[in-house]
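Enquirer: For reference, the structure I am asking about is given below.
Values quoted throughout were computed directly from the atomic coordinates according to the rules given, and no laboratory measurement underlies them. Source: prediction; values computed, not measured. Don't worry about glycine lacking a Cβ; one is built from the backbone with ideal geometry, like all the others, and counts go over all protein chains shown.
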């Protein structure tokens, strides 16, 4: 049987011309970004630099990694084909899987990080997002996905244990769990900061709960499986809820929805607990549909907005905070903190958990790791670039009035304007009041966390195209809603995942806890997980120094250290399998990531500057406390205590994360040395070779060579009544899926019946 | 690519990605194992959703 190669395309004059043009566009855009100083430049240049670089990297670098480094082999059956059970293992169309994978990796992270990093100017963030994704983030995702796929979809923790040993495995597991807790705490903090004292936002978000319950009931009882129909109803109700929030805002009910941060923390913790113990059909599943739909829709809308409105950037290219490290949003200088603050969008360790979870069990062809691993991450990176643009179109004065901690800004427009003036930017109290009025919020001062800033930026861009300035408030709350919605989905799912990990681990000590159906165990472990992230959430809102200011670096460090574990694993497997000469592909990003995160951890633990080092901060406040003094921004001795406790906990955590990662890296060095000394490649846990019978295109579109393949051409029988499905995804489409010749091979999968796939019994 | 084929593609894609076509795939699979009891759409969708109780699927930041 002939088979489609993974794209052995010869360079034609036409393709050379096209790629040269792409390279020129990208290079010109980078040139404009690099050379323009002091004048306002259009956001289009950022987009052009990003897209041009992505295209080149995808076409050349990801292909090099796939063919030379990984050695993808389309004759080798993937676990989806070998173990197809129609449940978790089933071959899924590459475009469908790309959608699922993108929805799983992209969330609030790429939207929040770049907004905070805009403190350093737009240039450092842009360079890191684009260079980071091409050389590190997308590489990590793709290589992890590939290695997990070669190991029947094993998880990151399992792979570390099998390839490095029990010590590394245990350290990785502990790291994953604690990172998850920090992640959930920080994300929940973003929601709290966005909803505090905002009756409009609080009402709309509260309404998502009855909407999700209704959708769950509808899907379960009234119309089982009609997801599209249900989602359309849900989205309509959601838009109604956003519009209704505007009405609530002006009604006597407004007081009932004006909640303090502390009340919101309690609400979120209670919600998180119930959401994680209720059956998924009731809350989680419908919420997931809603948030995925909103996510894709809003990101698409924002892309259109940026391209059509082509706003000018008001932010500076590089601010003085980047060099001096005394920025109000987060402390520390450009290296390493820009690389910590922007994790998702450039390099996110959390993706390794998804790339080693469900996705590898659904891939049809090995060569598709390029599209799904590398491609999806490039898409996420583009989302991060747009978030950076949205934050950079704001007047810097407004940006700092929204993002500096409340302790610095005070509570009135006058005090905030004065504080912003101290920082070296200009905004009048009237401007601040006008900005709040435009989006119908009581105040925009110290609305930290990134979400409100992003929402103001989005409303600025979108109201320029749709609806005019009268629609600013709607777009603002639309943006808040969509961010809060998918953060809450992450919190639901994350609490559950954390609970399973805890049940699994504690089950080794005491059996009943491990049983998924034993209710007391389920409630107890859920409560533990919720209280763990709830603790960080609470310290985040009660910390006088500003929760985001304190916790976001910790979250970034945690996420990047997880990336270090994933990259260590990838490098170790490359070396173990005799590919030492290609080990730089993951080794260089690992070295960079380790340098960045360990420097950041070091500074966070040992730096003498109390603004940066957690323990220096602790000492400063503890000494003052011992002397009975109160240091600003703390207002009383209680707040002094809070600062001392928080900085101790944060410092210990930062040190623990770094220690865990050093442990994993140390373990890997031992294994790699053994591998290098050994004459033969060391055994790895790779699953044995089985011949594949699936024929499908490798990239997003079928290439000309793929189309010429007899198997592809013969794959037309739309009638294929047998319907025995080798590839899963296409089969249902046989009757109504796209037919041959419709759209770049959308049909090809439908007819693989012609290739005589044998189904596993 | 005609507008019609594009429309057909979009419909196929949306059905695939939302899982609306899962039941049809199950019916296809079932034909290969006819001795197994056939689940109704309601039963099948319940089973499919309830599987996520055990594997909720992590969402990233």
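Enquirer: I need the calculated FRET efficiency for the pair residue A:659 and residue A:595, taking r as the beta carbon distance and R₀ as 22 Å, to the nearest 0.05. It would help to have the intermediate numbers written out before the result.
Expert: Working: r = 17 Å, r/R0 = 0.76.
Once the sixth-power term is evaluated, E becomes 0.85.
Enquirer: Report the percentage of all Cα-Cα pairs in chain A whose separation exceeds 40 Å, rounded to a whole percent.
Expert: Details: 95454 of 289180 pairs.
Beyond 40 Å sits 33 percent of the P(r) for chain A.
Enquirer: Starting from a Cα-only point model with no solvent, please compute log10 I(q)/I(0) by Debye for region A:147-229 at q = 0.10, 0.12, 0.21, 0.23 1/Å.
Expert: For the requested q values the scattering log ratios are -0.56, -0.73, -0.90, -0.98.
Enquirer: Defining a contact as two alpha carbons under 8 Å apart and six or more residues distant in sequence, what relative contact order in percent does chain A show?
Expert: Working: 1314 pairs, mean separation 173.1, N = 761.
Result for chain A is 23 percent.
Enquirer: Right, another one. Put a dot 7 Å past each Cα toward the Cβ at residue B:42 and residue A:42; how far apart are the dots in nm?
Expert: Going from the residue A:42 label point to the residue B:42 one covers 5.8 nm.
Enquirer: Against the 2.2 N^0.38 Å scaling, with N counting residues, where does region A:293-379 land? I'd like the Cα-based Rg ratio to two decimal places. Walk me through the numbers on the way to the answer.
Expert: On the way: Rg = 18.0 Å, N = 87, 2.2 N^0.38 = 12.0 Å.
Scaled against compact globular proteins, the figure is 1.50.
Enquirer: Over all distinct Cα pairs, what is the inverse of the mean 1/r for region A:361-496, reported as the Kirkwood hydrodynamic radius in Å? Each step should come with its number before you reach the end.
Expert: Values: mean 1/r = 0.0597 Å⁻¹.
The answer is 16.8 Å.
Enquirer: Put one equal scatterer on each alpha carbon of chain B, apply the Debye formula with no solvent term, and list log10 I(q)/I(0) at q = 0.17, 0.25, 0.28, 0.30 1/Å to two decimals.
Expert: Results for chain B at q = 0.17, 0.25, 0.28, 0.30 Å⁻¹ read -0.78, -1.05, -1.14, -1.19.
Enquirer: Using only the alpha-carbon atoms of region A:452-603, report the extent along each of the three principal axes, biggest first, to the nearest angstrom.
Expert: So the three principal-axis extents are 60, 51, 33 Å.
Enquirer: What is the distance in Å between the Cα centroid of region B:1-32 and that of region A:385-430?
Expert: First find each Cα centre; the distance between them is then 49 Å.
Enquirer: So how many Å³ per residue does the convex hull of the Cα atoms of region A:129-187 work out to? Don't skip to the end; give the middle numbers.
Expert: On the way: hull volume 5.8 nm³, N = 59.
In region A:129-187, the Cα convex hull volume per residue is 98 Å³.
Enquirer: Compute the distance in nm between two label points, each set 7 Å from the Cα along the Cα-to-Cβ direction, one at residue A:708 and one at residue A:430.
Expert: Result: 7.1 nm between the two label points.
Enquirer: Using the Kirkwood formula over every pair of different C-alpha atoms, what hydrodynamic radius in Å results for region A:1-136?
Expert: Numbers: mean 1/r = 0.0545 Å⁻¹.
Mean inverse Cα-Cα distance, inverted, gives 18.4 Å.
Enquirer: Normalised by the number of residues in region A:347-459, what is the relative contact order in percent for Cα pairs under 8 Å and 6+ residues apart? Show your work: numbers first, answer last.
Expert: Details: 91 pairs, mean separation 29.0, N = 113.
With pairs under 8 Å counted, the relative contact order is 26 percent.
Enquirer: Mind giving me the FRET efficiency for residue A:253 and residue A:406? R0 is 35 Å, r the Cβ-Cβ distance, nearest 0.05 is fine.
Expert: Working: r = 27 Å, r/R0 = 0.76.
After rounding, the FRET efficiency stands at 0.85.
Enquirer: Next up: Given a Förster radius of 56 Å and the C-beta distance between residue B:54 and residue A:630 as r, what FRET efficiency does 1/(1 + (r/R0)^6) yield to the nearest 0.05? Let's see the in-between values first.
Expert: Numbers: r = 51 Å, r/R0 = 0.92.
It comes out at approximately 0.65.
Enquirer: Here is a follow-up. Pull out the extension gain between residue A:471 and residue A:641, defined as 0.36 nm times the separation in residues minus the alpha carbon to alpha carbon distance; nm, one decimal. It would help to have the intermediate numbers written out before the result.
Expert: Working: separation 170, 0.36 × 170 = 61.20 nm, distance 4.45 nm.
Extending this stretch completely gives an extra 56.7 nm.
Enquirer: Report the label-to-label distance for residue A:584 and residue A:82 in nanometres (one decimal), using points 7 Å from each Cα along the Cα→Cβ vector.
Expert: Placing both labels 7 Å along Cα→Cβ, they lie 3.3 nm apart.
Enquirer: Please list log₁₀ I(q)/I(0) at q = 0.12, 0.17, 0.18, 0.20 Å⁻¹ for region A:544-693, using the Debye equation with identical point scatterers on the alpha-carbon positions.
Expert: Here the Debye-derived log intensity ratios amount to -0.62, -0.91, -0.98, -1.11.
Enquirer: Another one. Full extension from residue A:28 to residue A:510: what is 0.36 nm times the residue separation minus their Cα-Cα distance, to one decimal in nm?
Expert: 167.3 nm
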